[in-house]
1. Can you order the peptides 200-209, 108-117, 175-184, 64-73 by their average number of other Cβ atoms within 10 Å per residue, highest first?
2. Could you tell me which of Phe177, Tyr376, Ala136 has its Cα farthest along the dipole of the chain towards the positive end, charges placed at Cβ (Lys, Arg +1; Asp, Glu -1), taken about the Cα centre?
3. Go ahead and set up a Gaussian network model of the chain, Cα springs under 10 Å, then flag whichever of Leu47, Leu129, Leu211 fluctuates most.
4. Of all beta bridges DSSP finds with both residues in the chain, what is the antiparallel percent, to the nearest 5?
5. For the chain, set up a GNM with springs between Cα atoms under 10 Å and report which of Ser76, Ser289, Ser349 has the largest fluctuation.
6. Once you charge only the Cβ atoms, +1 for Lys and Arg and -1 for Asp and Glu, what is the size of the charge dipole of the stretch 270-359 about its Cα centre, to the nearest 20 debye?
7. Of Ile276, Ile249, Asn159, which is farthest on the positive side of the dipole of the chain, counting Cα position, with +1 on Lys and Arg Cβ, -1 on Asp and Glu Cβ, and the Cα centre as origin?
8. Checking the cross-link filter: which aspartates and glutamates have an alpha carbon closer than 18 Å to that of Lys221, excluding same-chain neighbours under 8 positions apart?
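Only the coordinates and a few stated rules stand behind these numbers; no lab work does. Nothing here was measured: the structure is a model prediction, and the numbers come from that model. Counting neighbours? That spans all protein chains shown, and the Cβs are built from the backbone with ideal geometry, glycine included.
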Amino acid sequence: MKYHWRNIISIIFLLSATPAYSQATENMVYNPSFEEHRECPQRIEALGVMQEVDAWWQPTAGSSDYFNSCGGRECSVPLNKLGSQSARSGNAYCGIYCSRDQYREYLQTKLKTPLVAGKRYRVSFWVSLSEKSPHAATTLGALFTKECIEDTTLGIVMNRETIDMGEQGSQSIAVYFEPQVVNPRERLLTETREWMEISGEFTAEGGETFLTIGNFFPFNKSRVVSTREEKTPLHGAYYYIDDVSVVCIEQESATPEPETPVEVPEVGEVVLLENIYFAIDKSEVLQQSYNELVKLKELLEKNPGMAIELRGHTDNQGTVEHNQKLSENRARAVVDHLVSMGIDKERLSWKGFGKSEPVADNSTAEGRQKNRRVEYRVLSR
């Protein structure tokens, strides 16, 4: 009995002596294993747009894919169009293609909070080569950027910069991104039965908010190797991706600063949702909106008496009837997403205003962009 209590006292001492960490064990990635989804995937399309999985999207025209056990035959788990592989955890994963030429596919997400300058972070994700891939690549990696990458091309994602040339004006150039974490060139990613981890540590410059996963190197620097005779439609390497993690590994003080309370808007106050995105002339909410929806959901959860009205607005392009309908559909789409996230629909309503309430000059592109917005009005607290 004395030995038993001695062990308990030792455990208590160790726990009390352990320094506190604020982000050390918190994954900064929403939906890291791709389990949360809007709908079950049905097919793989050559030029499709991945919109089924929450919090993730494709940053280029390269058509990344979503796989789930609830999906159609082409996109199911474990058996699908690209082979057979069980999820490393849960029932889902995503897939990207790294070809022998310049074609690339990528996955992108927005972190829960921006990275802090000078802090050390560890990133990890797991990959498995599809059974139908005749080649394997080695240089898959993780890129952290301050801005969202939006590229309409099918090739390698590029960092497009504008250089000030003084009196000669400015010049736009495109250079290859340099991912902070890359799988070593000598380590072949050829495993088709098991999952292989790609991981590494780096020091943040500060403000990095978006994470992109893929192959950022041209073919001659990617070390693409042949794994079997090429008898499939694939001409490169296709990888399943699962379990993405980004954590701060630096020790914080034993007495972390208290969180700043979120200010609750007053009844009647109208609040702009700055990061709600739609496709052009469509009412489908894009995955880039996920973080903003999570913040609004959490605000509603912390204030159970709060009811809001979602309000959609458009610019002055198009007919009155079209804009009215579009604004209504966009406001309702946001409501539908909040309901799918667990918010009681009785606390939510929606209304469209079309182009009747501009907040900026519709004669400029910048003004029209500001007028295309979704906001909410507090009905009760």
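1. My ranking of the peptides, most packed first, is 64-73, 108-117, 175-184, 200-209.
2. Farthest towards the positive pole: Ala136.
3. Between Leu47, Leu129, Leu211, it is Leu47 that shows the largest mean-square fluctuation.
4. If we restrict to bridges inside the chain, about 95 percent are antiparallel.
5. Largest GNM mean-square fluctuation: Ser349.
6. 80 debye
7. With unit charges placed on the Cβ atoms, the residue in question is Ile249.
8. Asp101, Glu105, Glu178, Glu186
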